[in-house]
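The values are calculated or read from the model by the stated rules, or taken from the named source; none is laboratory data. Given the structure is predicted, the values throughout are model-derived calculations rather than measurements. We place every Cβ from the backbone using ideal geometry, glycine too, and count neighbours over all the protein chains shown.
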Amino acid sequence: MEDINRIRKISIWIFIVPVVVLNSCLFISVNAHLLQDTIFQVDAIGVSSFTVPYIDGKVSISRSVRTYPTYLLFKPGMIITAILLIKYWIANNRLFQAINDGTNKNKHFLLFGVGSAIFLISHSIFLGINFESDLYKFFRRFILLGFIIFEIVAQALLVINIVKIKKKIESFFNKKILILKIILVSVLAFVAILSAPILNSSEYTHFKHALEWNYFIGVVSFYLLTFLFWKKGSVSF
């Protein structure tokens, strides 16, 4: 089915684009000396010593991406990712309509998925803009939290809907990958709930930084699994 092929193509780019962009920003932050005395000289705030934040958590995602010149990569990269996300969730909704003979009574995953993309665009726009206002700081945290919640809920609802119709589409997908998707979404939801008290604490800075880097990889890995989930060259239902 064309929708399945479209979903596969979109999903792999949703994985590739943010991973490449974010780690490119990290590379620039760690190797700021390479751009010394050029028009792309790294802002002092964004300079970091050598680190593997996925392990040691010495630098946050925000610090790596919010200053010049890394935001030149991060902002458009996240906006492109958000657009791909919207296309992804719409394509999934169309697929479910096709499977259910033109009707799809449960569109909640579409609403949460598109909502997560809107939050991501908003986060990208406001990133790096600083106002000495507690309300504005709360607003930025709210946007980021909204993206995470909406994204995880959308992923969970999509997996639940796939499980409900798996007998209709069992010849089109890899059953082992479905199990991995269920495990991944469950772990992401569990970690989000479990880490909430820690995130509100002023302590465990390095742990929180490492958590956000790895959590990011976990969220986008859902789309890598989507690419592997659907069999290539699936035919119409």
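Things worth noting here:
- Qualifying residue in the range 46-56 (condition: assigned to a helix (DSSP H, G or I), surrounded by 20 or more Cβ atoms within 10 Å (Cβ to Cβ), in contact with a helix residue (DSSP H, G or I) (Cβ under 6 Å, 6 or more places away or on another chain) and touching a residue at least 60 places away in the same chain (Cβ under 8 Å)): no
- Any hit, the range 18-25, residues being among the hydrophobic types (A, V, I, L, M, F, W, C), buried (at least 18 other Cβ atoms within 10 Å of the Cβ), within 27 Å of Glu203 (Cα to Cα) and in contact with a Ser or Thr (Cβ under 9 Å, 6 or more places away or on another chain): yes
- The residue list Ile148, Ile179, Ile165 contains one member that is more than 18 Å from Ile14 (Cβ to Cβ), among the hydrophobic types (A, V, I, L, M, F, W, C) and modelled with pLDDT under 95, which is Ile165.
- Residue tally, condition more than 21 Å from the chain's Cα centre (by Cα) and among the β-branched types (Val, Ile, Thr), over the range 126-184: 4
- Leading residue by the ranking (surrounded by the fewest Cβ atoms within 10 Å (Cβ to Cβ)) among those in the range 136-171 that are aromatic (Phe, Trp, Tyr) and touching a Gly at 6+ places or on another chain (Cβ under 9 Å): Phe150
- Taken residue by residue, the range 60-83 has no member that is in a loop (DSSP other than H, G, I, E, B), under 21 Å from the mean Cα position of the chain (by Cα) and either of a type in the set (Asp, Glu) or within 15 Å of Leu158 (Cβ to Cβ) (or both).
- Selection status of Ser202, at pLDDT 85 or above and either closer than 25 Å to Thr81 by Cβ or surrounded by fewer than 18 Cβ atoms within 10 Å (Cβ to Cβ) (or both): no
- Pairing residues of the range 221-233 that are closer than 16 Å to Ser171 by Cα with residues that are outside any helix (DSSP H, G or I), at Cβ distances under 6 Å and at least 6 apart in sequence or on separate chains, gives Phe229/Phe173; Phe229/Asn174; Trp230/Phe173; Lys231/Phe172.
- So Gly115, is it in contact with a Phe, Trp or Tyr (Cβ under 8 Å, 6 or more places away or on another chain), modelled with pLDDT of 95 or more and of a type in the set (Gly, Ala, Ser): yes
- Residue in the range 5-16 that is in contact with a Gly (Cβ under 9 Å, 6 or more places away or on another chain) and at pLDDT below 95 present: yes
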